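Structure first, then comments.
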Amino acid sequence: MFMKHLLRLWSIRASMFRRFFFLLLLISFAGVFASGFVSGAQAAVSITDDFGNEITLQAPAKRIVALYGSFNEILYAMDLGDRLVARTAADHYPEQIIKLPSIGTHMRPNPELIVALKPDLVLQMAGRSQAATALEPLKTRGIPCAMFQVASFEEMFSVINRLGVLTGKPGAADKLIESMDTRLSAVLQKYVTSSVLPSVFFEIRYPNLLAAGQGSIVNDIIRRAGGFNCVGNHKKIVRMGEEELMRLNPQNYVYQSGRMNPSPVKPDERNHFKLIEAVRDKRILKVDESVFSRPGPRNVEAVEILADFLLNNKEK
């Protein structure tokens, strides 16, 4: 009898222990689930743009409107092209972007069209005063807007990093920067072999000659390709007289073809240009404006193209 009573007590206690243990397991699983839910939640993200404005999003941006093509190229290079919901009339690269609705131009976007697309982030590239003005109607409607300026690879990498934060994809930003930096390092090792740097003149537009100044991404492309920009003005774009060009007498002449220079006459077919050393020695390179003058991942390709051109001319 005593043994039966003892066994019964043990059975009750064992049952209570099992219930207690099961309760502990439930609490533990609930904690793990809650932790996973919190970690998987879309937390707020915040950056400061290049003009001191703090941009805070309650969750990473999923619907982005870029008012300048550079951002499209960067986001596609980060495999985030599906987050773009519009393009400007000038944007045709990469080709997938053509299917998106156009919302006007870089300087004169249509705010009503943009608002209708319900973006959670608008990106703008600084330039003329109209670039900032274009954002005002969007800001008044509560749409977060970030504006950047890029005149070097370092500044571009900073923009890519911040886009990684705003999209919740910092790893994708790091991967893109690493890929670009690796290629730039390869150019430095392969092509930049001399301390005597050849002079380069970069034509933005002709006639009414415009040149790339020290404040442009082109200046850094020239530097990393192993040359130096003979235009010393610190502006992005410099108005240039032919007399000044003759005085500079660059060893290499690069001219772009694109929206700003749609049908350029070859430099060696222009009056007086044959007096320039670069033209006389046929050191002339025609390039794609969107690859050289638009800040973005393809600027690495621009460095590679120019470095190869400068090295080949040096060996002649």
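The values are calculated or read from the model by the stated rules, or taken from the named source; none is laboratory data. Just so you know, these numbers come straight off a predicted model, no measurement behind them. With ideal geometry, Cβ positions are generated from the backbone for all residues, glycine too; neighbour counts draw on all protein chains shown. The accessibility values were calculated without ligands, DNA or RNA, using every heavy atom of the protein model including side chains. Shrake-Rupley method; radii C 1.70, N 1.55, O 1.52, S 1.80 Å.
Looking only at segment 274-302, which residues have a backbone nitrogen under 14 Å from a spot 7 Å from the Cα of Lys266 in the C-beta direction?
Under cut-off, by backbone N: 274, 279-287.
Report the full-extension gain for the segment Lys62 to Ser46: residue separation times 0.36 nm, less the Cα-Cα distance, to one decimal in nm.
Fully extending the segment from Lys62 to Ser46 adds 4.3 nm.
Net charge near Leu197: determine it from the other residues with C-beta under 12 Å of the C-beta of Leu197, scoring Lys and Arg +1 and Asp and Glu -1.
It works out to a net charge of +3.
Residue by residue through segment 194-202, what is 3J(HN,Hα) from phi via Karplus (6.51 cos²θ - 1.76 cosθ + 1.60, θ = phi - 60°)? Round to whole Hz and write x for glycine and proline.
Once rounded to whole Hz, the list reads 10, 7, 8, 8, x, 7, 10, 10, 10.
Between Lys99 and Asp174, what is the label-to-label distance in nm when each label sits 7 Å out along the Cα-to-Cβ direction?
According to this spin-label approximation, the distance is 3.2 nm.
Would you mind working out the accessible area per residue for segment 53-115, using a 1.4 Å probe, and quoting it in Å²?
46 Å²
Pairing the Cα long axis of helix 170-190 with the longest principal axis of the chain, what angle in degrees results, from 0 to 90 and rounded to the nearest 10?
The angle comes out at about 40 degrees.
Just order 288-295, 88-95 by mean Cβ neighbour count inside 10 Å, highest at the front, would you?
Packing order, densest peptide first, comes out as 288-295, 88-95.
Run the accessible area of the chain with a 1.4 Å probe and give the carbon-and-sulfur part as a rounded percent.
57 percent
One quarter of the convex hull surface, Cα atoms only: what value does that give for segment 93-240 in nm²?
Averaged projected hull area, Cα only: 11.3 nm².
Search the structure for amide H atoms under 5 Å from the amide H of Arg205, placed 1.01 Å from N in the peptide plane, and list their residues when 5 or more places away or on another chain.
Leu210
Please list the non-local residues whose amide H lies under 5 Å from the amide H of Gln149, H modeled 1.01 Å from N, same-chain partners needing a gap of 5 or more.
Correct list: Asp50, Ala126.
What is the spread of the Cα atoms of segment 190-316 along each of their three principal axes, largest first, in whole Å?
37, 31, 25
5 Å is the cut-off here: which amide hydrogens, built 1.01 Å from N in the peptide plane, fall below it relative to Leu121, excluding neighbours closer than 5 in sequence?
Under 5 Å from the amide H of Leu121 lie the amide H atoms of Arg63, Val65, each far enough along the sequence or on another chain.
D for segment 152-217, whole µm²/s, Stokes-Einstein with Kirkwood Rh over alpha-carbon pairs at 25 °C and 0.890 mPa s: what number?
In µm²/s, the coefficient is 167.
Counting only heavy atoms of protein chains, what accessible area per residue, in Å², does segment 214-260 have with a probe of 1.4 Å?
For segment 214-260, the per-residue accessible area is 48 Å².
What full-extension length gain, to one decimal in nm, is calculated for Arg280 and Asp82 as 0.36 nm per residue of separation minus the Cα-Cα distance?
66.4 nm
Can you run phi through the Karplus equation (6.51, -1.76, 1.60; θ = phi - 60°) for segment 158-165 and list ³J(HN,Hα) in whole Hz, with x for Gly and Pro?
5, 5, 4, 4, 6, 5, x, 5
Could you name the lysines in cross-link range of Lys99, using Cα to Cα under 29 Å and dropping any fewer than eight places away on the same chain?
Within the straight-line limit of under 29 Å, Lys99 reaches these lysines: Lys62, Lys118, Lys139, Lys169, Lys175.
On the first, second and third principal axes, largest extent first, how far apart are the outermost C-alpha atoms of segment 58-162 in Å?
The principal-axis extents, from largest down, are 33, 30, 29 Å.
Remind me, what semi-axes does the chain give for its equivalent ellipsoid, largest first in whole Å, using sqrt of 5 times each Cα gyration tensor eigenvalue?
Equivalent-ellipsoid dimensions as semi-axes: 58, 25, 14 Å.
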